[in-house]
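See below for the structure under consideration.
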Amino acid sequence: MDLTILYRGPLASCDYDCPYCPFAKRRDSGAQLRSDRAALERFTGWAAAQTGDSLSVLFTPWGEGLVRSWYRKALVELSRLEHIGRVAIQTNLSGRTAWLAEAERDKVALWCTYHPGQTPYERFLGRCRELTALGVRYSVGVVGLDEHLEEARRLRSALPPEVYLWVNAAEGHTYTDEQAGRWTALDPLFPYSRHPHRTAGLPCRTGESVISVDGDGTVRRCHFVRAELGNLYDGSYRNSLGPRGCPLDVCDCHIGYVHLETLPLYDVFAGGVLERIPARPMRLPAPDGLAPPTSARPLLPLVIR
C-alpha cells in the first residue's frame, strides 16, 4: 500500500495568537500535553512497524508542534525509516532548527507560515536561512491580508528564488481582481486559493490513497469529512479504502483540494505535495491567460520553466 497520512492529535496550544486563525486555541494542561505525546508516540510506533507499506506523513496540528520535543523526535525518527517517503509538518517556525541536522534531509520537510505581528521579521527570515544552510526542504507562506502585503513582498525578495512563497486566501475574505492580482504577483498559484472549489461528487484521492488520522487512531478520508472509515490501529480502515467522490459541496483549504483529481496540483507539486513545494519554478501566465473570477475556481494556466 502507498498511503499518505495527515495526522492531527489533540495538541491545540500555540505560542502565537493570530486574530485571523480559524483554529481553536487553548492553553493545554500538563495532562493534555501528556495525552498528546502518548498519542503521537503510538502513531509513530505504528508507522515504524508498517514496513510492508510505503508511507508519507504530514503533521497538521491545531497548535504549534515543533516547540514540543516529541514532534521533533517524531520527524527525526520517521525520516530515517526506509519505507517512509516523506515526513513534513505545518509550523510557524518559532522554534530552533538545529535538531534537523539529525534528520534524513532527503525526507524531512517543513511547511512554514509567517505571521507578521506575531514574530519579528528578521527572526523569521533567520530561521529560513538556517533551514537553507541545513539543506532542509521548506516552503513559506502568509495569509493574504492587506496588512501583510508589504511584509510578504519583503520576504519574497529576501528568500532564495527556489523557495516557494505561497499565499492563502484569508478565511471569509473576498478579493477584487486588483487585490487578487497583487497576491498572484507573489504566488502564481494564488488563484487556486482565491475561491472555494465546488467539489460535490468530484473524484478525490482522499479516502483512497490519502487519509486523515486523529489521536485516537480514528481514520477519516480527510480533516473536513467527519464520516469514519475505521481505526488505524486495528486495521479496520483498510477495507474502507477506495475511490470515491467528495461528499461536500465545496473545499477551500489547500490540504483538501490539493488531492482533487480534477485539479493538476499533483503534477504542479510532484515530489512536494506534503510540504507544498512545486516540482519546478514557475512564472506567471500572460495577463490575458488568467481566467475571470468565478464562484468555482477553474484550472489556472501555468507556464513551467
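Taking the range 145-157 as the search range and keeping residues that are over 23 Å from Ala279 (Cα atoms) and free of Cβ contacts under 8 Å to residues at least 40 places away in the same chain, which one is surrounded by the most Cβ atoms within 10 Å (Cβ to Cβ)?
His148
Can you work out which of the residues in the range 17-63 that are modelled with pLDDT of 95 or more and assigned to a loop (DSSP other than H, G, I, E, B) is most open to solvent (accessible area, probe 1.4 Å)?
Only one residue tops the list, namely Thr51.
Could you check the range 69-115 and list, in sequence order, the residues that are touching a residue at least 60 places away in the same chain (Cβ under 8 Å) and in a loop (DSSP other than H, G, I, E, B)?
Listed by number, the residues that qualify are Asn92, Ser94, His115.
Got a sec? Which of Thr113, Thr119 is modelled with pLDDT under 95 and under 30 Å from Ser54 (Cα atoms)? I'd like the intermediate steps shown before the answer.
Details: Thr119 fails: under 30 Å from Ser54 (Cα atoms).
That would be Thr113, the only listed residue that is modelled with pLDDT under 95 and under 30 Å from Ser54 (Cα atoms).
Check whether at least one residue in the range 150-160 is under 27 Å from Arg72 (Cα atoms) and not in a helix (DSSP H, G or I), and report yes or no.
Within the range 150-160 (the criterion being under 27 Å from Arg72 (Cα atoms) and not in a helix (DSSP H, G or I)), the answer is yes, since at least one residue qualifies.
Return the only residue of Arg226, Arg297, Arg280 being modelled with pLDDT of 95 or more, of a type in the set (Lys, Arg) and in a loop (DSSP other than H, G, I, E, B). Steps first, answer last, please.
Working: Arg297 fails: modelled with pLDDT of 95 or more; Arg280 fails: modelled with pLDDT of 95 or more.
Only one candidate passes the filter, namely Arg226.
Could you check the range 166-216 and list, in sequence order, the residues that are surrounded by fewer than 17 Cβ atoms within 10 Å (Cβ to Cβ), in contact with a helix residue (DSSP H, G or I) (Cβ under 8 Å, 6 or more places away or on another chain) and over 30 Å from Ala39 (Cα atoms)?
Gln179
Return the residues of the range 218-230 that are closer than 19 Å to Arg42 by Cβ and buried (at least 18 other Cβ atoms within 10 Å of the Cβ); say none if nothing qualifies.
Val219, Arg220, Leu229, Gly230, listed by residue number.
Determine the pairs where a residue that is within 15 Å of Val213 (Cβ to Cβ), located within the range 28-43, has a partner that is open to solvent by 70 Å² or more (accessible area, probe 1.4 Å) and not basic (Lys, Arg) with Cβ atoms under 9 Å apart, the partner being 6 or more residues away or on another chain.
Sorted first by the residue in the range 28-43, then by its partner, the pairs are Ala39/Asp216.
Take Leu189 and decide whether it is over 19 Å from the mean Cα position of the chain (by Cα) and in contact (Cβ under 8 Å) with a residue 12 or more places away in the chain.
The answer is no for Leu189.
Conditions: (1) assigned to a loop (DSSP other than H, G, I, E, B); (2) over 19 Å from Ser56 (Cβ atoms). Asn239 meets all but one. Number of the miss?
(1)
Is the range 231-241 home to any residue that is closer than 27 Å to Cys112 by Cα, touching a strand residue (DSSP E or B) at 6+ places or on another chain (Cβ under 9 Å) and open to solvent by 10 Å² or more (accessible area, probe 1.4 Å)?
no
Just the residues that are open to solvent by less than 40 Å² (accessible area, probe 1.4 Å), among the aliphatic types (A, V, I, L, M) and on the phi < 0 side of the Ramachandran plot, please, taken from the range 64-98.
Leu66, Ala74, Leu75, Val76, Leu78, Ile84, Val87, Ala88, Ile89
Identify, please: which residue in the range 129-144 is touching a Lys or Arg at 6+ places or on another chain (Cβ under 9 Å) and open to solvent by 20 Å² or more (accessible area, probe 1.4 Å) and is, among those, nearest to Asn168 (Cα to Cα)?
Among them, the one singled out is Arg137.
Quick check on the range 106-128: of everything there that is surrounded by fewer than 14 Cβ atoms within 10 Å (Cβ to Cβ) and among the charged types (D, E, K, R), which residue is nearest to Leu274 (Cα to Cα)?
Looking at the filtered set, the residue picked out is Asp106.
The values are calculated or read from the model by the stated rules, or taken from the named source; none is laboratory data. Just so we're clear, the structure is a prediction, and the values are computed from it rather than from any experiment. Here Cβ is always computed from backbone atoms with ideal geometry, including for glycine, and neighbour counts include all displayed protein chains. In case anyone asks, the SASA skips ligands and DNA or RNA and just uses the protein heavy atoms, side chains included. Shrake-Rupley method; radii C 1.70, N 1.55, O 1.52, S 1.80 Å.
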